[in-house]
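The values are calculated or read from the model by the stated rules, or taken from the named source; none is laboratory data. In this text, all values refer to a predicted model and were calculated from it rather than measured experimentally. Glycine also receives a Cβ, built like all others from the backbone with ideal geometry; neighbour counts cover every protein chain displayed. All accessible areas refer to the heavy atoms of the entire protein, side chains included, with ligands and DNA or RNA removed. Shrake-Rupley method; radii C 1.70, N 1.55, O 1.52, S 1.80 Å.
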Amino acid sequence: MAFDGIRQAAAVLRGARRIAVLTGAGISAESGVPTFRGPDGLWRKFRAEDLATPEAFARDPVLVWEWYDWRRGIIAKVAPNPGHVVLARWETRFPNFTLITQNVDGLHALAGSRRLLELHGNIWKTRCPDEGRVAENRDVPLSPIPPRCASCGGLLRPHIVWFGEGLDQDILRQAFAACAQADVVLAVGTSALVHPAASLPLAAAESGATVIEINPDPTPLTPHADISLRGKAGEILPRLAAALD
Ligand code: APR
């Protein structure tokens, strides 16, 4: 990856006051968490419609929970990588920094990010569909499967946004507001295919933000990016941080 892209991006970030970052599965790839659409991606091995939809859960809650239990088992063994760590540090380095993630793995929080918008939920949380109550559950392996609500005894579901479901409107509003006000938006490790998340960097660009994309491959966002840094987040973000200091 040409150094001039990093230098260019550093110059843009150095003068920025309000920064919004959108991350996707790619930022956790170097930690060992499978992405969704890459060569070894989850959607290459499993059918999303059998596992990540309300209909799948209604049809076979045990199968769906066994799949999430398997993913939780993988994620429980991994750690944040240097890309997560840089973004956690930037939270205090910049006056106004918002981290928006599509990831449910909790690695940004583990790396120290606090001002974090989890658009698609969190794999370590369950939700009671009847009461709406969200609770943390870090049991690995899960037992029993499927987990049941302590107060009403009902079937708990993963606190994750499935295909065909709406996102939390308050979280989404905060994400769009952060992007509309941003001087710079970084899109890191996302295929930019799933909306409304994929619309966030475009909304920022429409409001005049500079768009920086970090991804080994081009995406539908690439034509709209001012700077495209081709490479891995765990390598590029530390180099970008070093160029800033
Ligand atoms: N560093 C940066 N980017 C990477 C790396 C890496 N080391 N490895 C892979 N990538 C890029 C891939 O090139 C791809 O563009 O990360 C992106 C991962 O894309 P997806 O697997 O589609 O993941 P994501 O964009 O997060 O998917 C969005 O789709 O399945 C749903 O809800 C799920 O949140 C997910 C959403």
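Right, Asp170: touching a residue at least 24 places away in the same chain (Cβ under 8 Å), away from the ligand (no atom under 15 Å from the Cβ) and among the charged types (D, E, K, R) or not?
On the way: touching a residue at least 24 places away in the same chain (Cβ under 8 Å): no; away from the ligand (no atom under 15 Å from the Cβ): yes; among the charged types (D, E, K, R): yes.
No.
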Query raised in the report: Out of all the residues in region 67-98, which are in contact with a strand residue (DSSP E or B) (Cβ under 7 Å, 6 or more places away or on another chain) and β-branched (Val, Ile, Thr)?
Result: Ile75, Thr98
Query - Residue count for region 189-219, restricted to those that are near the ligand (Cβ under 9 Å from one of its atoms), under 23 Å from Ala52 (Cα atoms) and in contact with a helix residue (DSSP H, G or I) (Cβ under 9 Å, 6 or more places away or on another chain) - result: 5
Requested in this report: Evaluate region 106-113: report whether one residue or more is modelled with pLDDT of 95 or more, touching a Pro at 6+ places or on another chain (Cβ under 6 Å) and open to solvent by 40 Å² or more (accessible area, probe 1.4 Å).
Outcome: yes
Report summary line: For region 75-98, pairs from a residue that is within 25 Å of Lys125 (Cα to Cα) to a residue that is of a type in the set (S, T, N, Q), with Cβ under 7 Å and 6 or more apart or across chains, are Val78/Ser31; Ala79/Ser31; Pro80/Ser31; Asn81/Ser31; Leu87/Ser113; Ala88/Ser113; Glu91/Ser113
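Quick one: which of Ala203, Ala197 is in contact (Cβ under 8 Å) with a residue 24 or more places away in the chain, open to solvent by less than 40 Å² (accessible area, probe 1.4 Å), among the small types (Gly, Ala, Ser) and under 23 Å from Gly83 (Cβ atoms)? So that I can check it myself, show each step before the final result.
On the way: Ala203 fails: under 23 Å from Gly83 (Cβ atoms).
Result: Ala197 is the single residue among Ala203, Ala197 that is in contact (Cβ under 8 Å) with a residue 24 or more places away in the chain, open to solvent by less than 40 Å² (accessible area, probe 1.4 Å), among the small types (Gly, Ala, Ser) and under 23 Å from Gly83 (Cβ atoms).
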**Report entry** Selection status of Asp168, among the charged types (D, E, K, R) and under 16 Å from the mean Cα position of the chain (by Cα)
**Finding:** yes
Query - Residue ID - nearest to the ligand (Cβ to nearest atom), chosen from residues in region 220-235 that are within 22 Å of Leu107 (Cβ to Cβ) and out of contact with any helix residue (DSSP H, G or I) (no Cβ under 7 Å at 6 or more places or on another chain) - result: Lys232
